[in-house]
Amino acid sequence: MKIKPLVAALLIATPGLVNAAEFVLTDAAANIDVGAWKVTNKDLGIQQPFSVEKRQLYGGKQMGVETLVINNGELEITLVPTRGMGIFNVKKDGKRILGWDSPVKEIVNPAFIDLESRNGLGWLDGFNEMMVRCGYEWTGHPGVDDNGQLLSLHGRLQNTPASTVKVTIDDQPPYTITVEGEVSERTFKKAELVTLTSFSVTPGSNQFAVHDTLTNKADYEDEYQIIYHSNFGRPILEKGAKITAAASEISPFNDYAKKGLKDWQTYLGPTKGYDEMVYNLKPIGDKQGNTLAVLHNQAGNLGVSVGYNIKQLPVLTIWKNTDTLQQGYVTGIEPGTSYAYNTKYQRPLGLVPKIGAGASKHFDVTYTVLRNSGEVKQALAAVADIQGKRPVKQVKKPLVDLSKVH
Amino acid sequence: MKIKPLVAALLIATPGLVNAAEFVLTDAAANIDVGAWKVTNKDLGIQQPFSVEKRQLYGGKQMGVETLVINNGELEITLVPTRGMGIFNVKKDGKRILGWDSPVKEIVNPAFIDLESRNGLGWLDGFNEMMVRCGYEWTGHPGVDDNGQLLSLHGRLQNTPASTVKVTIDDQPPYTITVEGEVSERTFKKAELVTLTSFSVTPGSNQFAVHDTLTNKADYEDEYQIIYHSNFGRPILEKGAKITAAASEISPFNDYAKKGLKDWQTYLGPTKGYDEMVYNLKPIGDKQGNTLAVLHNQAGNLGVSVGYNIKQLPVLTIWKNTDTLQQGYVTGIEPGTSYAYNTKYQRPLGLVPKIGAGASKHFDVTYTVLRNSGEVKQALAAVADIQGKRPVKQVKKPLVDLSKVH
Amino acid sequence: MKIKPLVAALLIATPGLVNAAEFVLTDAAANIDVGAWKVTNKDLGIQQPFSVEKRQLYGGKQMGVETLVINNGELEITLVPTRGMGIFNVKKDGKRILGWDSPVKEIVNPAFIDLESRNGLGWLDGFNEMMVRCGYEWTGHPGVDDNGQLLSLHGRLQNTPASTVKVTIDDQPPYTITVEGEVSERTFKKAELVTLTSFSVTPGSNQFAVHDTLTNKADYEDEYQIIYHSNFGRPILEKGAKITAAASEISPFNDYAKKGLKDWQTYLGPTKGYDEMVYNLKPIGDKQGNTLAVLHNQAGNLGVSVGYNIKQLPVLTIWKNTDTLQQGYVTGIEPGTSYAYNTKYQRPLGLVPKIGAGASKHFDVTYTVLRNSGEVKQALAAVADIQGKRPVKQVKKPLVDLSKVH
């Protein structure tokens, strides 16, 4: 009974030569919202199984939240348009494979979040996704910037509902499923940063990617920052799990992380009192700048790789939060323009880039679920290939001396 | 026409031996929301009249707010799931008997409240309930805590929508109606305090109760505080109304309240310029710790009693806000773990308890509408029984010297 | 198919002698919300074409926003009940004639706005209307008041959803269409300012008006402030556009505006780096206090006049924000009780009036679209008539020396 409206949408969306089915689910400018919606391969006469479904959430601080669940036959990925097109989690065979168990259980409507609360830590009231975009007006730890303005933790995008959501499905193999969502950071006289997020996956694949385009719609140059805060807990993270990343250098974020520097590649099991150790890496890439970080379990037969390009995202943060399960047992692989320091400490490091009036910046991040030891080995080999014979130099001194800043 | 879905819910909820009808109205984890809903005694084949109805509110800052109206044949009690399962008011014979007339007229969706606004007084934008839970992460007047964080007035729970709402009705006399609602205070790295609130009443009764269980879901010990801010205006509060509470000691909250200490038990009529006088009591209980506070009108033929246990809630605040009707003519009977001072002033008083990892704390508060002089006298006799021959010692010096703190 | 419910509403609303059709669209106290709704002249058996339609917005931060679109046959005016009954824009022949292109594209639900963010500049996250009421608890630039409270930019009313919305249509010529909306600023112990906004227009007219009544529902005198922030961009604003206002004196808001003082009446085209120049005028009125400000395009064949009364609104701010199109090319004609300085700087100027307990203040502002050179000339003649032979004295020194305040 869904077929008729779908065909109608198809015809409207693709006059002339039909080469993709396009479904506009939300469009603030056109005042469109389709409500409950689902499309499957059968609706489009495609044999390879997949579905894309828009869901409404209820209860607690979920009121008004919408999710988009993409099942490509191999993975079930949940996007959250209401929370900046973030990726909530990824399931395989009905079980969560990418993502983590945050103390925050609900998918929180930004209407209930006050980012500046707790001295700029309000973002923590909603943090539970596998992938959060931390940006773009600013990113990093909260603090009062040089101009006297409090910059709240990790910026505003993730707590901004998408203005548009559009699903496109190619009508030719590999029948790529694309979800575009525009998320706007618009404040009169302050920011006109508009990000067209794009998520893509093909039916049957163990890989998906985001391809984002940040555009400065203002007539003035602006600063921007972005961290792709990609978070993984169980089942991949466990005692003896290992992170491998092509890099020239690693240093601890702060004094506390110094003691874990030597063992930065391996993970403890859930450890009471661990809190978090954070490391700043200088990633290296292949000739095109492409690079990879790989996290795998102890046995080396389950993992995830995060691929990105160091020309787009020149730095990498590894966030090791192997505290207890209840506290949030999780590690972050976080390629970005910037580390997690407050913006004012990153300007002197050259890590607060600028974007010209009308200019655009592209960011691509690819996530691959490594399903067996063969896939894990292949990913590790790719990292080794990029790393070559260069060592990852361990530098004991943090990039920013937080004991001297205030 | 409501019967069919109700029966379906019943069958689903109680496979096997049916001994209660259970209705899940909201469940964030299961993504359930029943929408408009009502059950009556007739739906369940019970003769004694009652009804429970879920309502959606509209207009102004009420957008998205849900209430649950329980009519037990004697009282009509309105709970507000969207506002932390608070009790809005209680009517008898169609007229408000418990509750008050706040300047705040709407039942405000927390989405419109910024708790940290006005230096932490944002809670006042929504305060109009008969019973507000002030807690549990902190309670009391706003102020910057020793760690530099602003603690906003009376905590966050009341401005947190319930994650679950479940109505249970026993199928045996006295056909107890129970409403459970889970309200979560969850912030990554900051709090995992989950309160399962429970409201219960029996058909025909003039009494209802809350039985709350606070659980610290974290793996670390945490502080907690709670005040059951129970507020009564007309028709019980009037010139000559009287409060009686079993206590060993009373002292003024601040210098301003000193002048009313002597007459703490009696109330003025609406009095311009009165503002508020607040008193800190040390309640005493019977052998089990149970105690009672009674408020009654001048004639002594209408009142309310608040029963609680001093092992759970060791202190009592009496809030006398007998200012003008427009300003909010109201008194608060507020058993709690703590007084209304900012948290940092209560730690030295030993009034900021801790809750262990995984531990639970229970709180029971019983409200009884006293409908005639017989019931008032009976309640007063119960207080006298607990008080015995011990006097309520009047101490002129406030527990905290607010003139010396900053 | 809309007729039946409309007639029902009509009969209910006007028992006895029918002389107006009254439609209650929203009423928080009565818990009424009609949902999607529309009425046209045909529904009421009136020949002159008009329609009033309630719309629901979707997408991004528009979630939950309602607009009311009034088409009087000549103009299409969009009111926003969810945003304090502001006027979003006015179209003629399908094109925007009054209003402007803000960097903020969506009509933002106040639930997504934190007024105190960015040191009190959160209001800028939603600013895009043709007419914003800046008040009434306070108005002006953000800053910490003498009592230590941050007063956020331009007060709270515009980010407060209307508690009531009522449409009335006279059944006799000229069939005046009236939209009343009550917007409440209610905070326990802080404010009980209730504004009954009223918008009125007649079918076929090029003029519409607001008639607002602010009532202090408290039992105590209170301060209040209001600026009718009326904003116009293209097509009226352009290089060579001109503002004319009956005034005795003009001075720059700050040092930066000094250099534009001489040319205050004329406008530049979109100018990179211009930012904003603001001027404080002392308006003069006719014997009744009525006065007029006129903005017209370079050719003098298109414009708008803003009529008000200096007994109600004694001061006038002219906001020239002729920066680039993307930045927001716009000018504000802003009659008010106050200028745009923070409240604490306006008290010494006598521009923070008080409103007694229970007292009401009325404010009337009339907007006229000037459709040709004849109408522009007529409006300018009206201004000249009021101005008479008195010059507009140019005073170089700002009323407040912002370099000396902190």
So, in region A:90-101, how many residues would count as being crowded, with 20+ Cβ neighbours inside 10 Å and either under 11 Å from the mean Cα position of the chain (by Cα) or in a loop (DSSP other than H, G, I, E, B) (or both)? 2
Over region B:17-56, the set of residues under 21 Å from B:E182 (Cβ atoms), away from chain A (no Cβ under 13 Å) and touching a helix residue (DSSP H, G or I) at 6+ places or on another chain (Cβ under 8 Å) is B:A21, B:E22, B:F23, B:V39
Quick test for you: out of A:L295, A:L370, A:L316, pick the one residue that is buried (at least 24 other Cβ atoms within 10 Å of the Cβ), within 29 Å of B:Y220 (Cβ to Cβ) and aliphatic (A, V, I, L, M). A:L295
Restricting the search to region B:150-163, which residues are part of a loop (DSSP other than H, G, I, E, B) and open to solvent by less than 20 Å² (accessible area, probe 1.4 Å)? B:S152, B:L153, B:H154, B:G155, B:T160, B:P161, B:A162, B:S163
Would you mention how many residues in region C:18-48 are of a type in the set (V, I, T), open to solvent by 50 Å² or more (accessible area, probe 1.4 Å) and outside any strand (DSSP E or B)? 2
Would you point out the residue of region B:164-187, among those that are closer than 20 Å to B:T343 by Cα and either open to solvent by 10 Å² or more (accessible area, probe 1.4 Å) or within 18 Å of the chain's Cα centre (by Cα) (or both), that is farthest from the other protein chains (Cβ to nearest Cβ)? B:E185
Check whether at least one residue in region C:199-216 is acidic (D, E), in contact (Cβ under 8 Å) with a residue 60 or more places away in the chain and out of contact with any helix residue (DSSP H, G or I) (no Cβ under 9 Å at 6 or more places or on another chain), and report yes or no. yes
Those residues that are open to solvent by 10 Å² or more (accessible area, probe 1.4 Å), closer than 23 Å to A:K189 by Cα and part of a loop (DSSP other than H, G, I, E, B), I need them from region A:114-148; list them, please. A:D114, A:L115, A:E116, A:E137, A:W138, A:P142, A:D145, A:D146, A:N147, A:G148
Could you check B:F127 against (1) away from chain C (no Cβ under 14 Å); (2) within 27 Å of B:F232 (Cβ to Cβ) and say which number it fails? (1)
On the basis of being over 17 Å from A:I113 (Cβ atoms), in a loop (DSSP other than H, G, I, E, B) and among the basic types (K, R), does B:K105 make the cut? yes
Out of all the residues in region A:340-352, which are assigned to a loop (DSSP other than H, G, I, E, B) and not charged (D, E, K, R)? A:A340, A:Y341, A:N342, A:P348, A:L349, A:G350, A:L351, A:V352
Whether any residue in region C:207-223 is of a type in the set (K, R), farther than 29 Å from B:G60 by Cβ and in contact with a strand residue (DSSP E or B) (Cβ under 7 Å, 6 or more places away or on another chain) is what I want to check. no
Got at least one residue in region A:49-70 being closer than 20 Å to A:V330 by Cβ, part of a loop (DSSP other than H, G, I, E, B) and either out of contact with any Leu (no Cβ under 8 Å at 6 or more places or on another chain) or open to solvent by 10 Å² or more (accessible area, probe 1.4 Å) (or both)? no
Scope region A:357-396; condition within 30 Å of C:P103 (Cα to Cα) and under 24 Å from the mean Cα position of the chain (by Cα); matching residues: A:A359, A:S360, A:K361, A:H362, A:F363, A:D364, A:V365
Is at least one residue of region A:102-109 away from chain C (no Cβ under 13 Å), open to solvent by 20 Å² or more (accessible area, probe 1.4 Å) and without any contact (Cβ under 8 Å) to a residue 40 or more places away in the chain? yes
B:L399 under 21 Å from the mean Cα position of the chain (by Cα) and of a type in the set (A, V, I, L, M, F, W, C): no
From the set of residues in region A:320-339 that are part of a loop (DSSP other than H, G, I, E, B) and within 14 Å of another protein chain (Cβ to nearest Cβ), which is farthest from B:E192 (Cα to Cα)? A:D323
What number goes with the only condition from (1) part of a loop (DSSP other than H, G, I, E, B); (2) within 21 Å of C:T337 (Cα to Cα); (3) away from chain B (no Cβ under 11 Å) that C:S205 does not pass? (2)
B:V376 fails exactly one of (1) in a strand (DSSP E or B); (2) of a type in the set (V, I, T); (3) over 29 Å from B:Y256 (Cα atoms); (4) open to solvent by less than 30 Å² (accessible area, probe 1.4 Å), namely (1)
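The values are calculated or read from the model by the stated rules, or taken from the named source; none is laboratory data. Quick caveat: nothing in here was measured; it's all calculated off a predicted structure. Every residue, glycine as well, gets a Cβ built from its backbone with ideal geometry; the counts of neighbours run over all protein chains shown. Note: areas computed on protein heavy atoms with side chains; ligands, DNA, RNA excluded. Shrake-Rupley method; radii C 1.70, N 1.55, O 1.52, S 1.80 Å.
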